[in-house]
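Visitor: What follows is a structure written as structure tokens; I'll ask about it next.
The values are calculated or read from the model by the stated rules, or taken from the named source; none is laboratory data. Not measured: the values here are computed from a predicted model. Cβ: placed from backbone, ideal geometry, glycine included. Neighbour counts: every protein chain shown. Ligands, DNA and RNA are stripped out before the accessible areas are found, and what is left, the full protein with its side chains, is counted by its heavy atoms. Shrake-Rupley method; radii C 1.70, N 1.55, O 1.52, S 1.80 Å.
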Amino acid sequence: MHAMREAGQYFVNMKELNARVGERLAQLIGVEAATVTTGAAGAITMATAACVALRHPERIKQLPDTAGMRNEVIVQKSHRAYEKQVLHVGAKLIEVETLDELRAAINDRTAMLFFLNKADDKGQIDRATWVAVGREFGVPTFNDAAADTPPVEHLSAYVKMGFDLVCFSGGKGLRGPQSSGLLLGRKDLID
Ligand SMILES: *Cc1c(COP(=O)(O)O)cnc(C)c1O
């Protein structure tokens, strides 16, 4: 609270501040890149936008019109939650249950494979398999781990196991401000 009050006394360039804070967080957590978001919900929207516009950053300005872009996000039926955060971007959700269905659902419109960390044991496809399929097809994988810290090691664990992007809520186990969150992972996507 003291640090926030003190920081509030100064004008800063917000883009620069976000970039430097992200670098410092990435260093502290031990991941390639990081950025502060408006909650885990905001991180889901940012992650989806990054995956939809991957390799074409100028397209971010066109969203939520996803015409001509990869705009399908695949999710297991038992992992559906916080899906408005995906839909805001103009993407649509494709639901699967089995590994065969997942493999068959991936095509050249697939933008991202969405995983809900706490539902790992509820779906037929576990974390490691989700990551492996994403790697095989070259599609970014995202893990919503909003409330899944402590332990603090979890902050880097899912990126280290291969998820391209992972989010945490600042207002839950991190005990930060309610409307804050973290998006962690691959530098090209975070940028
Ligand atoms: C709480 C929660 C969110 C949203 O977190 P905020 O930081 O409040 O935006 C997203 N996903 C899951 C799984 C959550 O538990």
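Visitor: State which residue pairs qualify: first residue in a helix (DSSP H, G or I) and inside region 162-191, second residue within 12 Å of the ligand (Cβ to nearest atom) and not charged (D, E, K, R) in any location, beta carbons under 7 Å apart, and separation of 6 or more residues or different chains.
Guide: Close Cβ pairs satisfying both conditions: Ile190/Leu183.
Visitor: Can you report the number of residues in region 42-59 which are more than 12 Å from the chain's Cα centre (by Cα) and open to solvent by 80 Å² or more (accessible area, probe 1.4 Å)?
Guide: 3
This table checks each residue for (1) more than 23 Å from Ala19 (Cα to Cα); (2) open to solvent by less than 70 Å² (accessible area, probe 1.4 Å).
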{"position": "Arg103", "(1), (2)": "yes, no"}
{"position": "Leu116", "(1), (2)": "yes, yes"}
{"position": "Gly123", "(1), (2)": "yes, yes"}
{"position": "Glu136", "(1), (2)": "yes, no"}
{"position": "Asn143", "(1), (2)": "no, yes"}
{"position": "Leu182", "(1), (2)": "no, yes"}
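Visitor: Looking at Ala111, Ala47, Ala81 in this structure, which one is within 28 Å of Ser180 (Cβ to Cβ) and more than 16 Å from the ligand (Cβ to nearest atom)?
Guide: Ala111
Visitor: Can you tell me which residue is farthest from the ligand (Cβ to nearest atom) among those in region 161-191 that are among the charged types (D, E, K, R) and more than 14 Å from the chain's Cα centre (by Cα)?
Guide: The residue in question is Arg175.
Visitor: Still on this model: Does Thr37 satisfy the criteria of being among the hydroxyl-bearing types (Ser, Thr, Tyr) and within 21 Å of Cys167 (Cα to Cα)?
Guide: Yes, satisfied.
Visitor: While we're here: For region 17-41: of the residues being of a type in the set (S, T, N, Q) and assigned to a helix (DSSP H, G or I), which is least open to solvent (accessible area, probe 1.4 Å)?
Guide: Here the residue is Asn18.
Visitor: Something else now. Criterion first (of a type in the set (A, V, I, L, M, F, W, C), out of contact with any Cys (no Cβ under 6 Å at 6 or more places or on another chain), in a helix (DSSP H, G or I) and open to solvent by 50 Å² or more (accessible area, probe 1.4 Å)) does Ala132 satisfy it?
Guide: Criteria met by Ala132.
Visitor: Report those strands (runs of 3 or more DSSP E) wholly inside region 63-123 carrying at least 3 residues which are over 16 Å from the mean Cα position of the chain (by Cα) and without any contact (Cβ under 8 Å) to a residue 60 or more places away in the chain.
Guide: Correct list: 92-96.
Visitor: Then there's this: When the residues of region 85-97 are narrowed to those that are open to solvent by 40 Å² or more (accessible area, probe 1.4 Å) and either touching a His at 6+ places or on another chain (Cβ under 9 Å) or over 22 Å from Ala67 (Cβ atoms) (or both), which ends up farthest from the ligand (Cβ to nearest atom)?
Guide: Ranking the candidates gives Glu97 first.
Visitor: Do any residues in region 35-55 that are within 12 Å of Leu189 (Cα to Cα) have Cβ atoms under 6 Å from those of residues that are assigned to a strand (DSSP E or B) and away from the ligand (no atom under 14 Å from the Cβ), where the two are at least six apart or on different chains, and which pairs are they?
Guide: Note: pairs meeting the criteria are Cys51/Ala111; Cys51/Met112; Val52/Ala111.
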